[in-house]
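Presented below is the structure to which this report refers.
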Amino acid sequence: MIEVILIFPLIACLILFFIKSKKLNDFALIAYAIVHLVISIALYLKKINLEISSTKLFGAYFSVDSLNILFLLILSVIFAGVAFYNKSYFKNTDRSDKAHTYYSIAILLFIFSMTGTILSANLALSWVFIEATTLASAYLIYFNKTKHALEAAWKYVFICSIGIALAFVGIILLSIGTGSINSLFFNDLYINAGKIVPFWLKLSFVFILVGFGTKMGLALSMRGFLMLILKLLLLFQLYCRLHY
Amino acid sequence: MLEILLNIIFLLTFPFLFIGIINKTKAFWAGRKGASVFQPFYDFIKLLKKGEVISTTTSFVFALSPSLTFASVVFAGLLVPVFNHRAILSFEGSFILFAYILALGKFFSLIAAMDTGSSFEGMGASREASFSTLVEPAFFIIMASIIALSGNYTFQSLSLILQSSGSFGYLIIILSVFALFIMMLVEGCRVPVDDPNTHLELTMIHEVMVLDNSGPDLAFILYGSGMKMIILASLIANLIIPTGLSFFYSIIAFIGIIFILAIIIGTLESSFARLRMTHVFEFIFTMSSISLIILSLTMISMHKHGG
Amino acid sequence: MVNMLIVLFGLTMLYMAATSRIKAHIKMLSFQGLILFLILFLDEDKTNFINLIFLSIETLLVKTILIPLFLTRILNKNEVFRDNEPHIPNFYSLVIASIMLFAGFMISSLHGQGFENVTALYFGVSISTILISLFLITTRKKILTHVIGYIMMENGIFLLSLSVAKEMPIIVSMGVLLDIFIAVFILGFLINKINTAFDELNICELCNLKDCDCND
């Protein structure tokens, strides 16, 4: 289940890269949106019924628990809306097929990274996926290639990069505080939560808050309001986890 | 007894040699043969034989100050240990007297410069004063850190750092040497703080303060500035030389380090120009930054060893 | 020896704060890369061998050679050599930077809870490097200096991650990933575009989009 939701966009990106056609792009996006929605609802139902919590393929790196599934559902719903809106958004612009393909690939990668962040069970892996979202959405911002878009893209990339660098400092401080527990899996951190030195935990929380907060509060996105909401949800989830 | 005699001979004769070596190094880098290393001594004798011209706009301060400055520098020289032995006047807390006696001498040279009524000298005096202002707190911070580390309140603590500080000892010594070297450049008015060879009035700092002096007064001012550099060089040498050395070897090491410092100053003078005025302040402030680093390293080191 | 290198790293930060010549900044960046490479080698009980090789190649190649080379090429193409008069004059910049360095040392020598399992000097210099880099980013005016400040912050983060490298070597590799990400993305891509679109690399030009005004 979780493997499908993660591997599907990668395969779709490869296919789209080699076959460049507008219809295929729209189709791929809508297909992925439907797959995403279906899988998240299925995971939600399974979670309630059977308590399945990890995948066979990726091992313990991705897991679904009661916090994850909520955000995954929200992401699915919003992405479904975006995918359907996308078709008519592109009808009015005449960009070439190639540009449209790159645009769709970027959206697919963006949602892939978002999903990866939500589903990941390791703090370091979440951080890597958030870097990937910066990359993907920077291309989306610069899509129109105007002067305004360039300025927005520069500001976005720079501020996001500083944000994730500060969040990385927070992660390092957390690992200083955990001392002998040598892993950043959320499960291990929950289980050993009493052994973490409180000073380092608080310090790392502040750094991660500031870091992901700068990345999140950016309203300059030319992609509009939707991406902002998505990011808000994503990062709010990370706070909840850390301020356990 | 022998040590005290050697100490006094060193203090009285080496300033000429120091300035002579600096000039010889500069000549070497410029491809000239240069004057002999004893030339400052011959200049001193020549100036002593001349008569003095004293401006009529000055008062007794102008006549008094060169002797007072020179006396303060000699007194400060008595406080500093040379040749790995105690200083001639050594007591606890002597570094405070050292700093303020030097400041007294500098104060008198400043007001003598302002006494002449010439605006150039006043300008040089104000610049010189601002440099010294930046140097003094840094010097106190460095001395306080070193004294806190080694527990000895005299200047002997400079040699005793390694015994009491463990792994940070070498680091603190290197940083202190660098900071005291900057102080030597400031107090001795050398490049990059002040160019002793410039003749343009807008760029002179120390030279312009002594523009009106002549004859024996000028002789003692030059002697005094050389002696100031020797004193600060012996502080640096005290930091570098280890304590267990026998007397003979410590004499050789001391004189060797003083020569090397003179050669370094000469090389710096040949390679760099004097910095722009705003950049000079940043350069001098580097000494304060390094002194803060020394202070924090001291505190870390004392924490580690349970101070 | 490692202590000396770490303090030297701190001193390069002071030099960066005091100067406005961009060439000097770039030289200090490669010097910092060299220092990090030496620290990696001399403190050899930190990681296992293969990881060490990978990290040292990355440090030497990317931090010391490639990124300064990129920056120098951008410098020469745009003929920007000096930062304009920064918002805070250089002297006060130096004062503030030394106070931050001193504060970093002070924090690392605190004898509080939890400071036992971190090497004191690493932590102090890293935190002060990060703070000084953020300070430089906010007070300077040219985009290139902002990027240089960001790379300095990454060097500081790398130093911080070396202090936990023994327990969790994955973190150092993540730091390296961040480095390469920035090198490829910001330097290679956006600076070229900004060159062709704007005349000067001044952030005063980037003032058309402000907060809370949606320009779409």
> Of (1) within 14 Å of chain C (Cβ to nearest Cβ); (2) within 19 Å of the chain's Cα centre (by Cα); (3) not β-branched (Val, Ile, Thr), B:ALA148 satisfies all except one. Which?
Replying inline: (2)
> Here are C:ILE53, C:ILE96: which of them is at pLDDT 85 or above and open to solvent by 20 Å² or more (accessible area, probe 1.4 Å)?
Replying inline: C:ILE96
> Which one of these does A:ALA153 not meet: (1) at pLDDT below 80; (2) surrounded by fewer than 19 Cβ atoms within 10 Å (Cβ to Cβ)?
Replying inline: (2)
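For the range B:107-120, give me each residue that is in contact (Cβ under 8 Å) with a residue 40 or more places away in the chain and more than 13 Å from B:VAL61 (Cβ to Cβ).
The answer is B:SER118, B:PHE120.
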> Of (1) away from chain A (no Cβ under 11 Å); (2) more than 10 Å from the chain's Cα centre (by Cα), C:ILE148 satisfies all except one. Which?
Replying inline: (2)
> Is it true that some residue in the range C:11-24 is part of a helix (DSSP H, G or I), touching a strand residue (DSSP E or B) at 6+ places or on another chain (Cβ under 7 Å), under 28 Å from B:ILE290 (Cβ atoms) and not acidic (Asp, Glu)?
Replying inline: yes
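Residue by residue, here is whether (1) open to solvent by 70 Å² or more (accessible area, probe 1.4 Å); (2) in contact with a helix residue (DSSP H, G or I) (Cβ under 9 Å, 6 or more places away or on another chain); (3) farther than 30 Å from B:ILE263 by Cβ holds:
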site: B:ALA35; (1), (2), (3): no, yes, no
site: B:ILE45; (1), (2), (3): no, yes, no
site: B:PHE62; (1), (2), (3): no, yes, yes
site: B:SER72; (1), (2), (3): no, yes, no
site: B:GLY77; (1), (2), (3): no, yes, no
site: B:ARG86; (1), (2), (3): yes, yes, no
site: B:LYS106; (1), (2), (3): no, yes, no
site: B:GLU121; (1), (2), (3): no, yes, yes
site: B:SER132; (1), (2), (3): no, yes, no
>> Restricting to the range C:117-143, give me the number of residues that are more than 9 Å from chain A (Cβ to nearest Cβ) and modelled with pLDDT of 80 or more.
In response: 13
> If you check B:ILE263, B:ILE257, B:ILE300, which single one turns out to be facing chain C (nearest Cβ under 8 Å) and either in a helix (DSSP H, G or I) or not β-branched (Val, Ile, Thr) (or both)?
Replying inline: B:ILE300
> Restricting the search to the range C:1-22, which residues are more than 8 Å from chain B (Cβ to nearest Cβ), under 15 Å from the mean Cα position of the chain (by Cα), open to solvent by 10 Å² or more (accessible area, probe 1.4 Å) and not hydroxyl-bearing (Ser, Thr, Tyr)?
Replying inline: C:LEU8
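Within the range B:266-297, how many residues are within 14 Å of chain C (Cβ to nearest Cβ) and loosely packed, with under 15 Cβ neighbours inside 10 Å? Full working, then the answer.
We begin by selecting, within the range B:266-297, every residue within 14 Å of chain C (Cβ to nearest Cβ); these are B:275-297.
Narrowing the set further to residues that are loosely packed, with under 15 Cβ neighbours inside 10 Å leaves B:276-278.
Within the range B:266-297, residues that are within 14 Å of chain C (Cβ to nearest Cβ) and loosely packed, with under 15 Cβ neighbours inside 10 Å number 3.
Among the residues of the range C:148-170, how many are among the acidic types (Asp, Glu) and modelled with pLDDT under 75? Even if it seems obvious, please write down each step before you answer.
In the first step, residues of the range C:148-170 are kept if they are among the acidic types (Asp, Glu); the result is C:154, C:167.
Checking the rest, the ones that are also modelled with pLDDT under 75 come to C:167.
The qualifying residues number 1.
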>> Checking B:PHE41 against (1) closer than 23 Å to B:ILE258 by Cβ; (2) aromatic (Phe, Trp, Tyr); (3) in contact (Cβ under 8 Å) with a residue 40 or more places away in the chain, only one condition comes out false. Which one?
In response: (3)
>> I'd like the full set of residues that are free of Cβ contacts under 8 Å to residues at least 24 places away in the same chain, at the interface with another protein chain (Cβ under 7 Å from one of its Cβ atoms) and surrounded by 18 or more Cβ atoms within 10 Å (Cβ to Cβ), limited to the range A:173-196.
In response: A:SER175, A:GLY179
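Give A:GLY163, A:GLY116 a once-over and let me know the one that is more than 7 Å from chain C (Cβ to nearest Cβ) and more than 11 Å from the chain's Cα centre (by Cα).
Values: A:GLY116 fails: more than 11 Å from the chain's Cα centre (by Cα).
Of the residues listed, the single one that is more than 7 Å from chain C (Cβ to nearest Cβ) and more than 11 Å from the chain's Cα centre (by Cα) is A:GLY163.
The values are calculated or read from the model by the stated rules, or taken from the named source; none is laboratory data. Just so it is clear, the model here is predicted, and its values are computed rather than measured. With ideal geometry, Cβ positions are generated from the backbone for all residues, glycine too; neighbour counts draw on all protein chains shown. Surface areas here come from the heavy atoms of the whole protein model, side chains and all, with no ligands, DNA or RNA. Shrake-Rupley method; radii C 1.70, N 1.55, O 1.52, S 1.80 Å.
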